[in-house]
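The values are calculated or read from the model by the stated rules, or taken from the named source; none is laboratory data. Just so it is clear, the model here is predicted, and its values are computed rather than measured. Here Cβ is always computed from backbone atoms with ideal geometry, including for glycine, and neighbour counts include all displayed protein chains. Accessible surface is based on the protein model in full, side chains and every heavy atom, while ligands, DNA and RNA are left aside. Shrake-Rupley method; radii C 1.70, N 1.55, O 1.52, S 1.80 Å.
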Amino acid sequence: MTTTQTVNQQTQGNLSDHLTLGHNISTSGPDLATKEFKQASGGNVSDVTFVEYEVLLPGVSGTSVEKNITLDRGTRIELSCRLDNKYSHLKSLQVTWKRGNETVKHINKTETSWSIQLRILDNSKLGSYSCTLKGEEEISAVFNLQVPKIEGKEKPIVSYEGDTAVMICKSFGYTPIAWTWYMTNGSEQIAINDTLLANKYVINRISANVTHLKILKLTNEDNGVYWCEAAFDLGKSKGKLKLKVLSLMVPLKPSLAIVAEVVILVTIIFLYEMYSKKKEKGSEAEKEFDQIEQLKSEESNGLENSSARHRKI
């Protein structure tokens, strides 16, 4: 017998999510949720995990609620839209479920709850499903079914020529079947084979959810965008990383700029001192010249005075 575990999660506003998980665990007593699901699907679900997501519609005209649902393996799923009881006065509601432009058949669980049931066996059934209630007011909700997202790194990884760069990708809460690394060459993505290029690349699966790519002996050609791809039962998901390789001259540029500034400053000081000394020497020479001229003038005046005295005698 399949047991059902129910978890209620409250989110902002009047939106709440109701999640029901099915597990193969023996338990005593009937399981109403499992029986209802089995009857609706017309199959045996004793060995199949299923999930049920329910969105509580706020009942405000023009409001749209969005819910992201992550699936990594095949499952049965039920998506439900339920109108809050305080809006049960809304009458003659026209309910429509769609996937894109395609209408999906739904069932009326209650007077205020409508659902669709899906078997997700591959990525062809992933995507966005919407329920819309039309009447006096229009209310809608969107369920986005997607494979787990891979966490890359937004900021570029910066390293220098000759060094080793390490890039990391993680999958939180879900275990990929396999990891694959790609490098971008123009518009193409080329898979990295670390077996054939063991002297350049090393790929390590640190844990089931984490993978590392080591790039050895970096050169300018290693600049660019890299992708890590995680494969799940229902599809693949990629994370993006960017590597920036700097020349060894780059860290020296600030030092060279400082040295150049110091050299220029020293040169200016040296030239200024030379100019000052030259100016001082010029001033001293002018003073000497003035003194000599003054002495000559005094001697000349002395001779004139002596001649005048001799004439008087």
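A Förster radius of 35 Å combined with the Cβ-Cβ distance from S124 to Y160 puts the calculated FRET efficiency at roughly 0.15.
Accessible surface of region 50-146, 1.4 Å probe: 41 percent of it comes from carbon and sulfur atoms. Selection among I120, L56, N144 by position relative to the dipole of region 50-146 gives I120 as farthest towards the positive end (Cβ unit charges, Cα centre).
The mean of 1/r over all distinct Cα pairs in region 78-142, once inverted, gives the Kirkwood hydrodynamic radius of 12.5 Å. Once both labels are positioned 7 Å from their Cα atoms along Cα-to-Cβ, the gap between S187 and S64 label points is 3.1 nm. Distance from the alpha carbon centroid of region 257-277 to that of region 139-198 works out to 53 angstrom.
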